[in-house]
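The values are calculated or read from the model by the stated rules, or taken from the named source; none is laboratory data. As the structure is a computational prediction, the values presented were derived from the model and not from experiment. FYI the Cβ positions are ideal-geometry reconstructions off the backbone, even for glycines, and counts take in every protein chain you see.
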């Protein structure tokens, strides 16, 4: 044990025979402290359009402007992005009704047409932009897809983006704390919430 | 032109000879609407420790619990993560002083010891955990690194995580709007802000 910083004791973990770290405290509630926005990620294939709620859309480089999104392999939107290599992300504002989020987050596009009775616009990529509750949107062309087990991270170069309103955007935390929203089973954060002590996509 | 949804006109973009989408509206201010938290990402190499501000830490799968972070290749923390294949993320609370963020965000660990006079603890991975203003932390072992040009996305399996307080966590938007924080040149969102109408890491 070595004194570090004059205050704390070094406590490097043990290593397995393969050299992996083991023996760390594991409170998955910590993952709920990560910050996200709330988005509807859209894509299409042929005449079929779909969109799903996602919280993991983030900019990864500025030159060129590039974003990434983590999508569950079971989802119809995953199938569409794989096929057409394009996606949109509509950035939801804080006043988005729970029913709207539920429509896109807790149902599969395989079971019913989520876009019926909603307003959308086809973007330059052909992906639907969900304008009913979007403060902004972006469209991207996939340049890489990264297999991360249950999900694929799609990395995309921005080909279009626009601000639609100056409304405050919804955070994932606001959705949970204020809107009392839940997390679907196919979300990156599903198990963390269940295990830690709370469930997202569709 | 086809009528879609009874309200909007289809406006698929043109394609280049290589098949890429072109002709989309490009207002990069839209990227500023994406939601993030505020983190200090730490790593080490030999006796040297470092940490840098990052806004792109996000959970990508729940089973196993996996996170990703986008780090500029020029940064010392990038060099350390490449070398030791581990990183920590300390999740900052809303009351974190701008001077603290500035120390880790606007300076390089190559120029001075950022950890001097701050409280940190070595985690099970050996990476420093910055406990002065963290509501929670996580530690990860890198399982994949994805080259995305100026940055690398490090994908890591969580090996430790803990909640330190119930303080509200800082969002990137709060940092900009309320704290009037700026964005360093090596951040994923740097150019977007400059071009769009505003500058992050270190």
> How about the range B:72-103: which of its residues are under 13 Å from residue B:50 (Cα atoms) and either within 9 Å of chain A (Cβ to nearest Cβ) or in a strand (DSSP E or B) (or both)?
Replying inline: B:86, B:87, B:88, B:89, B:90
> Between residues in the range A:163-189 that are closer than 22 Å to residue B:32 by Cβ and residues that are at pLDDT below 80, which pairs lie under 7 Å by C-beta distance while being six or more apart or on different chains?
Replying inline: A:175/A:181
>> So, residue B:50, is that one within 13 Å of chain A (Cβ to nearest Cβ), farther than 20 Å from residue B:163 by Cα and at pLDDT 95 or above or not?
In response: no
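Kindly evaluate residue B:163 against the criterion of being at negative phi, surrounded by fewer than 23 Cβ atoms within 10 Å (Cβ to Cβ), modelled with pLDDT of 95 or more and at the interface with chain A (Cβ under 7 Å from one of its Cβ atoms). Break it down into steps so the answer makes sense when it comes.
Values: at negative phi: yes; surrounded by fewer than 23 Cβ atoms within 10 Å (Cβ to Cβ): yes; modelled with pLDDT of 95 or more: yes; at the interface with chain A (Cβ under 7 Å from one of its Cβ atoms): yes.
In short, yes.
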>> Please verify whether residue B:149 is within 16 Å of the chain's Cα centre (by Cα), at the interface with chain A (Cβ under 8 Å from one of its Cβ atoms) and surrounded by fewer than 17 Cβ atoms within 10 Å (Cβ to Cβ), treating the condition exactly as stated.
In response: yes
> Is it true that residue A:154 is in contact with a strand residue (DSSP E or B) (Cβ under 8 Å, 6 or more places away or on another chain), more than 30 Å from residue B:167 (Cβ to Cβ) and part of a helix (DSSP H, G or I)?
Replying inline: no
> Of the residues that make up the range B:55-69, is at least one at positive phi, part of a loop (DSSP other than H, G, I, E, B), surrounded by fewer than 22 Cβ atoms within 10 Å (Cβ to Cβ) and at the interface with chain A (Cβ under 8 Å from one of its Cβ atoms)?
Replying inline: no
>> Restricting to the range A:125-143, count the residues that are more than 7 Å from chain B (Cβ to nearest Cβ), assigned to a strand (DSSP E or B) and surrounded by fewer than 24 Cβ atoms within 10 Å (Cβ to Cβ).
In response: 2
> Any residue in the range A:13-25 that is in contact with a helix residue (DSSP H, G or I) (Cβ under 6 Å, 6 or more places away or on another chain), at the interface with chain B (Cβ under 7 Å from one of its Cβ atoms) and more than 30 Å from residue A:118 (Cβ to Cβ)?
Replying inline: no
>> Looking only at the range A:28-43, count every residue that is crowded, with 24+ Cβ neighbours inside 10 Å and either within 7 Å of chain B (Cβ to nearest Cβ) or more than 12 Å from the chain's Cα centre (by Cα) (or both) and tell me the total.
In response: 8
> What is the residue count in the range A:2-12 for residues that are modelled with pLDDT under 50 and within 7 Å of another protein chain (Cβ to nearest Cβ)?
Replying inline: 6
> Failed condition for residue A:118, given (1) crowded, with 17+ Cβ neighbours inside 10 Å; (2) at pLDDT 95 or above; (3) over 21 Å from residue A:72 (Cα atoms), with all others met?
Replying inline: (2)
>> Among the residues in the range B:184-192, are any under 30 Å from residue A:64 (Cβ atoms), buried (at least 17 other Cβ atoms within 10 Å of the Cβ) and at pLDDT 95 or above?
In response: no
> If you go through the range B:106-122, how many residues are assigned to a loop (DSSP other than H, G, I, E, B) and within 12 Å of another protein chain (Cβ to nearest Cβ)?
Replying inline: 6
